[in-house]
Amino acid sequence: MRSFRNRLLAAGAAAALAGAAAAQDGSGIPRDPSQTYTAPTAPTRGGSIAVPLPPSGTIGNPTGPDSADTILPSDTPVAGQPGDFANPSDGAVDPSQPSILDTSREAAPTDLPYGEVATPLSRRQLEEQNHDMMPTTVEVEDLGTVDPSEKGTLDEAEGSLGGDLWGESDYPTIAELLEEMPVATASPAMNGLVRRVLLTGAKPKDANKSGATLFDIRTTRLAEAGLITDLVQLLDASGSAKIGDPAARSSALLLAGRETEACGASDDTDAGDGPALQLRAFCRLVAGDAAAASLSADLARVKGVDDPAFFALIAHLADGAPLDPAAVKALTPVTLALARKAKAPLTEAALDGAALGVAAALATDKATPSALRLAAAERAAAEGAIDAAALLDIFQAVKFKAADFAALAKATGAQGGALQVQNVIRTEGLEPRAKAIGAALAFAESRGLAALYSNLLARAAWETPPSAALAAYADDVTRVLLASGRGDRVADWLNLGNALAGALRDELTVRLALAIPSRDRAAAAAEPLARLARASGGDEALAARTLIYAGALDALGYDIPAEAQSLLQSSPLIAGPAAGGVETAELVDAAQAKRKGETILRALILIGRGGPAQAHPTAVIEAVGALSGVGLANEAVALALEAALARPRTAGGG
């Protein structure tokens, strides 16, 4: 112990001498060589009365070095020759390196009492100790495919349904319902709700374990709905070129004119899939490789692809074969891109069997021939792929001659529709304009497009002031107002009082209570509704409308008269199961549990692709009640009004 301590003291002394060799005394001031130098000595400590001196050799009173020990290093290194590096194994310390204390041989501290020695562990005890120190079993659970479904493009002001849209509904349920949800329906109210569902970012309570994510399903349904602009914006908002259904992504990019990105997306598609081979053929053409394009087309034919337009266009572009314009029809995103590349003439036949997204793309392209553009725009708007405002702009952009307006009664199709709308806008005088509104609405009803055309005629109807002179047109004008969401204007028409026929006045009162529901309006509509219910016994058309009025008001939580309740219980029009493929009980359960997203999907499925106009009355009534129960009363009212206004009219109004 003493020799070890002395070696440490020697190391300290060596450091002191190194300082002296530099002619410094530790204070940093050079020492005068002429002065006598007195070597420092260790201080001595004496005891005191308060603190006696500790025993010699302890930490408090260390023993000085023996004569045999020295605190000065010798002139010769401990080992080796002068100039050699010290060998640590010889006990020497290299002064150029910091000292490292070797604790490998020191005893580890224990909790044993003083004087007791630890007993070595047996092999079995060591094995048991090692087993106890092993980590516990870790269960690894598959987190499933990364689902970016919280991505959306709508904020609250734009109609977002909220990040909690799916609430407590699980992934399998939502995925199945999303795939079953009808898109591209005949109902503006339904199409608007579908769009909001697909563009709202939200996740279910659990992650999917395998297969398509909700984001993938949403992109697929957006493509099917023809909402190409919305789909491209959603893909851009996702921040990744690798998420979303690959086929939907490439189709949307093609229709948006982003061919390079669409071809890049083709790498993610199944190379053996027919549509993927068609896309690959197009991309090879874009890259200038006609031979590879022809080969991909041949493989697509082997895979069973039946698309005459595709093969005709590939043969024309890759091999120089003549192109038959009659073959360019039933266009897909790929064949439309090929037709544009070939500068092929397009006719209205191009829309026959064409994808809805193609119709939307043709409608928004000003280079599309006029007749084709009108047809494409009307179809796209009727199925919700473009909005009514866009259709109105396209209709108004067409240049008609005076002879066209003179032959208005003979006009048909989308061109006839554009002519009818322009005629309403250009007609001067209140009564002539009101009459023109009625003619345009009748034209639309004959083609099943009354709800759509009501939005095109909304401004003209709003600008037609109620008056006794226009009472004969009250039903047409107020139908347009109600269908376009301007039910508040109906109250002005009711002020005409006895100038309106009694049955029409009753029906307008009930429609107003449904359009802008409140306790006061529902109470005011009670007696008119009772009269309608009593009169419906011999009028099936009136009964069909009254069932919707009564059922919807009841579903919204308002009191209805006994006559209306009796009609709901006994009418043969309401008997039988509601169509739609989803049990009413499941819809009611989802609404009661406040599972908003699930309620919306089940309500839309229950009504069906034909929309409220073709739905069973029970389906409409149940959907109205469920949607209002999850805070979507306005959407419920829109569906109810569509259903009621689409029912056949009663002769003489109503």
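Would it be correct to say that residue 192 is open to solvent by 10 Å² or more (accessible area, probe 1.4 Å) and in a helix (DSSP H, G or I)?
On the way: open to solvent by 10 Å² or more (accessible area, probe 1.4 Å): yes; in a helix (DSSP H, G or I): yes.
Spelling it out, residue 192 is indeed open to solvent by 10 Å² or more (accessible area, probe 1.4 Å) and in a helix (DSSP H, G or I).
Give me the helices (runs of 4 or more DSSP H) completely within the stretch 365-469, filtered to those with at least 2 residues that are surrounded by fewer than 22 Cβ atoms within 10 Å (Cβ to Cβ) and among the charged types (D, E, K, R), ordered by residue number. First the steps, then the outcome.
On the way: elements: 370-382, 388-397, 402-406, 413-426, 430-446, 450-456, 458-462.
The qualifying helices (runs of 4 or more DSSP H) are 430-446.
Determine if the stretch 405-420 includes at least one residue that is in contact with a Pro (Cβ under 6 Å, 6 or more places away or on another chain), among the small types (Gly, Ala, Ser) and modelled with pLDDT under 95.
Initially, the stretch 405-420 is screened for residues in contact with a Pro (Cβ under 6 Å, 6 or more places away or on another chain), giving none.
Within the stretch 405-420, none of the residues are in contact with a Pro (Cβ under 6 Å, 6 or more places away or on another chain), among the small types (Gly, Ala, Ser) and modelled with pLDDT under 95.
Can you pull out the residues in the stretch 589-615 that are open to solvent by 40 Å² or more (accessible area, probe 1.4 Å) and not hydrophobic (A, V, I, L, M, F, W, C)? I'd like the intermediate steps shown before the answer.
Just the residues of the stretch 589-615 that are open to solvent by 40 Å² or more (accessible area, probe 1.4 Å), to begin with: 589, 592-596, 609, 613-614.
Across the stretch 589-615, the qualifying residues are 589, 592, 594, 595, 596, 609, 614.
Which ones in the stretch 506-539 are more than 21 Å from residue 557 (Cα to Cα) and out of contact with any helix residue (DSSP H, G or I) (no Cβ under 7 Å at 6 or more places or on another chain)? Show your work before the answer.
Initially, the stretch 506-539 is screened for residues more than 21 Å from residue 557 (Cα to Cα), giving 534-539.
Once the filter is applied, which keeps residues that are more than 21 Å from residue 557 (Cα to Cα) and out of contact with any helix residue (DSSP H, G or I) (no Cβ under 7 Å at 6 or more places or on another chain), the stretch 506-539 yields 537, 538, 539.
Tally the residues that are of a type in the set (Asp, Glu) and part of a helix (DSSP H, G or I), restricting the search to the stretch 272-311. Spell out how you get there, then give the answer.
So the first thing to find is which residues in the stretch 272-311 are of a type in the set (Asp, Glu), and the list is 273, 289, 298, 306-307.
Still in the list and also part of a helix (DSSP H, G or I): 298.
Result for the stretch 272-311: 1.
Could you list, ordered by first residue, the pairs with Cβ atoms under 7 Å in which the first is in the stretch 491-512 and under 13 Å from residue 468 (Cα atoms) and the second is in a loop (DSSP other than H, G, I, E, B), at least 6 apart or interchain?
So the pair list comes out as 492/466; 493/466; 495/466; 496/466; 501/652; 501/653.
Residues in the stretch 518-540 that are under 42 Å from the mean Cα position of the chain (by Cα) and surrounded by fewer than 23 Cβ atoms within 10 Å (Cβ to Cβ): how many? Give the steps one after another, and end with the answer.
Restricting attention to the stretch 518-540, the residues satisfying the condition of being under 42 Å from the mean Cα position of the chain (by Cα) are 518-523, 525.
Those left that are additionally surrounded by fewer than 23 Cβ atoms within 10 Å (Cβ to Cβ): 518-523.
Within the stretch 518-540, residues that are under 42 Å from the mean Cα position of the chain (by Cα) and surrounded by fewer than 23 Cβ atoms within 10 Å (Cβ to Cβ) number 6.
Would you point out which residue out of 202, 175, 184 is crowded, with 18+ Cβ neighbours inside 10 Å, part of a helix (DSSP H, G or I) and among the aliphatic types (A, V, I, L, M)?
Values: 202 fails: part of a helix (DSSP H, G or I); 184 fails: part of a helix (DSSP H, G or I).
None of the other options fit; the residue is 175.
Report, by residue number, each residue of the stretch 312-352 that is of a type in the set (D, E, K, R) and assigned to a helix (DSSP H, G or I). Before you say what the answer is, go through the steps one by one.
Let us first name the residues in the stretch 312-352 that are of a type in the set (D, E, K, R), namely 319, 324, 329, 340-341, 343, 348, 352.
Once the filter is applied, which keeps residues that are of a type in the set (D, E, K, R) and assigned to a helix (DSSP H, G or I), the stretch 312-352 yields 319, 340, 341, 348.
The values are calculated or read from the model by the stated rules, or taken from the named source; none is laboratory data. Quantities reported herein were computed from a predicted structural model and do not represent experimental measurements. Virtual Cβ from ideal backbone geometry, glycine too; neighbours counted across all protein chains shown. The area values use the complete protein model at the heavy-atom level, side chains included, leaving out ligands, DNA and RNA. Shrake-Rupley method; radii C 1.70, N 1.55, O 1.52, S 1.80 Å.
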